[in-house]
1. Looking only at the range 4-20, which residues are small (Gly, Ala, Ser) and within 9 Å of LYS31 (Cα to Cα)?
2. Looking at the range 212-225 only, could you name the residues that are at pLDDT 95 or above, closer than 21 Å to GLY30 by Cβ and of a type in the set (A, V, I, L, M, F, W, C)?
3. Which of the numbered conditions does VAL97 fail, given that it passes all the others? Conditions: (1) closer than 15 Å to PHE128 by Cβ; (2) touching a strand residue (DSSP E or B) at 6+ places or on another chain (Cβ under 6 Å).
4. Going by the structure shown, is PHE151 surrounded by fewer than 23 Cβ atoms within 10 Å (Cβ to Cβ) and under 28 Å from THR2 (Cβ atoms)?
5. Quick one: which of ASP121, ASP61, ASP38 is in contact (Cβ under 8 Å) with a residue 24 or more places away in the chain, surrounded by fewer than 22 Cβ atoms within 10 Å (Cβ to Cβ) and in a helix (DSSP H, G or I)?
6. Out of the residues in the range 65-81 meeting the condition of being closer than 15 Å to ALA122 by Cα and within 18 Å of the chain's Cα centre (by Cα), tell me which one is surrounded by the most Cβ atoms within 10 Å (Cβ to Cβ).
Amino acid sequence: MTYFCTLASGSAGNCSLYVNGRQRMLVDAGKNTRYINDCLRQLALSVSDLTHILITHSHGDHVAALPVLLKHTRATLVCSGETFSAIAPRLPQGVPVRLFEPGEGFWLGDVPVKTFATSHDAPGSCGFVLGQGSDRVAVCTDLGTVTGEIFESMRGSRAVLLECNHDAEMVKNGPYPFPLKARILSDQGHLSNKFAAKVAVRLCQTGTKHLLLAHLSAENNEPRLALDTVRAALREAGVEADVSLAPREMPGEPVLL
């Protein structure tokens, strides 16, 4: 059985799981090890069952668990060379590591992996496309824009974890200091609801059937607003997809592929 499931999504921590046959891949590890193991138990797994841990970038809400987690699993750490350079001082010695350059493709076991560079403000930041055909899932969060290269990498993915971080007007009118507002709204920040909706339409026109809206800001977004914005854009374009939110502090419903 092949499925994809988010375990946490938001500024307090990000983590998801892709299972395809014998490969059990954690994507990001931004919560603590106990939380991750508790989530995996709900899926009849544990951290010792993981085969790979893929990291999108080095920010704490994506790597916080690694120093402890890597002591409790033999999973291979998979990340860009720049990401590894940023996090290596905090990791235990002797961890198996598979490094790559964003844009590179490779295999993990019998699962093909495509990587693509993202414009987030962390060196070596990237996204992943896992699997092929009807098993194909794209993970695309923490980026300020979607370039043509990013879209082409995700095109045809059956399921997509897509950032839908904020409502631009809420950011502009909110209490954050100006430099933080500018960062969020920049091409190195996070995707807005409206930008995500445009990307969602194009993805669904090229075969995406499941959209998981991720990394919603607790201060600058509302779950209903994010859902309504994306669903309205899909209706206007005459395309259909299953659209849901990735919960902040609990596992989401697994998407069966």
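The values are calculated or read from the model by the stated rules, or taken from the named source; none is laboratory data. Everything numeric in this text was worked out from a predicted model, so none of it was measured. Ideal geometry is used to build each Cβ from the backbone, glycine not excepted, and the neighbour counts take in all protein chains shown.
1. Taking the range 4-20 as the starting set, the residues that turn out to be small (Gly, Ala, Ser) are 8-13, 16.
Across the range 4-20, the qualifying residues are ALA8, ALA12, GLY13.
2. Within the range 212-225, LEU212, LEU213, ALA214, LEU216 qualify.
3. (1)
4. Working: surrounded by fewer than 23 Cβ atoms within 10 Å (Cβ to Cβ): yes; under 28 Å from THR2 (Cβ atoms): yes.
Yes.
5. Sole residue among the options that is in contact (Cβ under 8 Å) with a residue 24 or more places away in the chain, surrounded by fewer than 22 Cβ atoms within 10 Å (Cβ to Cβ) and in a helix (DSSP H, G or I): ASP61.
6. From the range 65-81, those closer than 15 Å to ALA122 by Cα are 79-81; that's our starting set.
Keeping just the survivors that are within 18 Å of the chain's Cα centre (by Cα) gives 79-80.
Numbers: CYS79: 28, SER80: 25.
The selected residue is CYS79.
Every residue, every condition in (1) of a type in the set (Gly, Ala, Ser); (2) modelled with pLDDT of 95 or more, yes or no:
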{"site": "GLY144", "(1), (2)": "yes, no"}
{"site": "GLY148", "(1), (2)": "yes, no"}
{"site": "LEU162", "(1), (2)": "no, yes"}
{"site": "TYR176", "(1), (2)": "no, no"}
{"site": "SER186", "(1), (2)": "yes, no"}
{"site": "ALA196", "(1), (2)": "yes, yes"}
{"site": "LYS209", "(1), (2)": "no, yes"}
{"site": "LEU227", "(1), (2)": "no, yes"}
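Condition check ((1) in contact with a helix residue (DSSP H, G or I) (Cβ under 7 Å, 6 or more places away or on another chain); (2) crowded, with 18+ Cβ neighbours inside 10 Å; (3) part of a helix (DSSP H, G or I); (4) not small (Gly, Ala, Ser)) across all residues:
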site	(1), (2), (3), (4)
LYS181	yes, yes, yes, yes
ILE184	yes, yes, yes, yes
PHE195	no, yes, yes, yes
CYS204	yes, yes, yes, yes
GLY207	no, no, no, no
LEU213	yes, yes, no, yes
SER217	no, yes, no, no
THR229	yes, yes, yes, yes
LEU234	yes, yes, yes, yes
